[in-house]
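> Have a look at the structure that comes next, please.
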Amino acid sequence: MRLLIMGPQGVGKGTQAALLSKHYGIPAISTGDIFRYNLKNQTPLGKEAQAYIDKGELVPDELTNKIVKDRLAMDDAKNGWILDGYPRNASQVAALDAMLAELGTPLDAVVALTADHDVLMERMMKRAQIEGRSDDNPETIAKRLDVYAKETAPLLDTYKSRGVLHEFDGSGDIDAIQATIVAELGE
Ligand code: AMP
């Protein structure tokens, strides 16, 4: 199973990706997590990405596409994966299409989670207090939601027109949402 999980920040993508990963026995790959790991360890990649992440902007495509390509080539990704937080713009969609063509594997489904703006802001502020992420402050959160609306939300139409989009309300109970997704995607 090869899946994308999409939706605005705070909608619960990471939580649902972790549950889907467990259910299908495939790795959940979060570009945000990969960047945060590199930031924490101050690797060359982390240093290059830091300024963008701190401002709530997208890290340049060239850098981002490469980390995804390298990650999808790893052994544990042979039988499937869930990508969380990628692709985020049209050029990343094209890059992913090229990676899939090269690997000779199709994309099975795109899981899109939706929620009201107020629910998202509230969840992100709560997460900021718990996790202390450097990019979880009101200005950066607003910037990230803005980038999502402008660059990422239009991609849902792209995947809808390809017939792979499945949309779910992300504001309810976590386990109930998970059950609905699995019922729709199949065991
Ligand atoms: P996230 O945890 O997915 O919200 O990602 C945190 C930050 O990492 C984003 O605000 C971006 O700066 C960067 N990032 C994560 N995924 C991508 C991506 N696909 N393209 C560009 N930047 C990304």
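Any read-out appearing in this document is the output of simple, stated calculations on the displayed coordinates, not a laboratory observation. Just so it is clear, the model here is predicted, and its values are computed rather than measured. So basically every Cβ, Gly included, is an ideal-geometry build from the backbone, and we count neighbours across all protein chains shown.
> With +1 on the Cβ of every Lys and Arg and -1 on the Cβ of every Asp and Glu, and nothing else charged, how large is the dipole of segment 51-151 about its Cα centre, in debye rounded to the nearest 20?
Magnitude of the dipole: close to 80 debye.
> Where the only charges are on Cβ atoms (+1 Lys, Arg; -1 Asp, Glu), what is the dipole of the chain about its Cα centre, to the nearest 20 debye?
With only Lys, Arg, Asp and Glu charged at Cβ, the dipole is about 400 debye.
> Determine ³J(HN,Hα), in whole Hz, for all residues of segment 43-53 in sequence, where each value follows from phi through the Karplus function 6.51 cos²θ - 1.76 cosθ + 1.60 and θ = phi - 60°; x replaces Gly and Pro.
Each residue's phi maps through the Karplus curve to give 6, x, 4, x, 5, 5, 7, 3, 4, 5, 5 Hz.
> So what's the back-of-envelope 222 nm ellipticity for the chain, counting only DSSP H runs of four-plus at -39500 (n - 2.57) apiece and dividing by all residues, rounded to 500? Please report the intermediate quantities before stating the final value.
On the way: 9 runs with 104 residues, N = 187.
Rounded to the nearest 500, it is -17000 deg cm²/dmol.
> Let me ask something else about it. Based on the Cβ-Cβ distance from D146 to N79, what FRET efficiency comes out when R0 is 30 Å, to the nearest 0.05? Intermediate results must be reported in sequence, preceding the final value.
On the way: r = 37 Å, r/R0 = 1.22.
After rounding, the FRET efficiency stands at 0.25.
> With an 8 Å Cα cut-off and a minimum separation of 6 or more residues, compute the relative contact order for segment 38-142 in percent. Show your work: numbers first, answer last.
Details: 46 pairs, mean separation 25.9, N = 105.
It comes to 25 percent, rounded to a whole number.
> Given R₀ = 45 Å, FRET efficiency for A176-E62 by Cβ-Cβ distance, to 0.05?
Values: r = 40 Å, r/R0 = 0.88.
Efficiency, from the Cβ-Cβ distance: 0.70.
> Please go through the residue pairs K69/K143; K66/K160; K13/K126; K22/K69; K40/K78 and name each one whose alpha carbons sit more than 24 Å apart in this structure. Let's see the in-between values first.
Numbers: K69/K143 27 Å; K66/K160 26 Å; K13/K126 16 Å; K22/K69 22 Å; K40/K78 28 Å.
Violating the 24 Å Cα-Cα cut-off are K69/K143; K66/K160; K40/K78.
> Taking 8 Å as the Cα distance limit and 6 or more residues as the minimum spacing, I'd like the relative contact order of segment 108-187 as a percentage.
Relative contact order, segment 108-187: 51 percent.
> Which of I67, I26, L83 sits closest to the plus end of the dipole of the chain, meaning its Cα is farthest towards the positive end, when Lys and Arg get +1 and Asp and Glu get -1 on the C-beta?
I67
> Okay, moving on. Give me the orientation-averaged projected area of the Cα convex hull of the chain, in nm², one decimal.
If you wrap the Cα atoms of the chain in a convex hull and average its projections, you get 10.1 nm².
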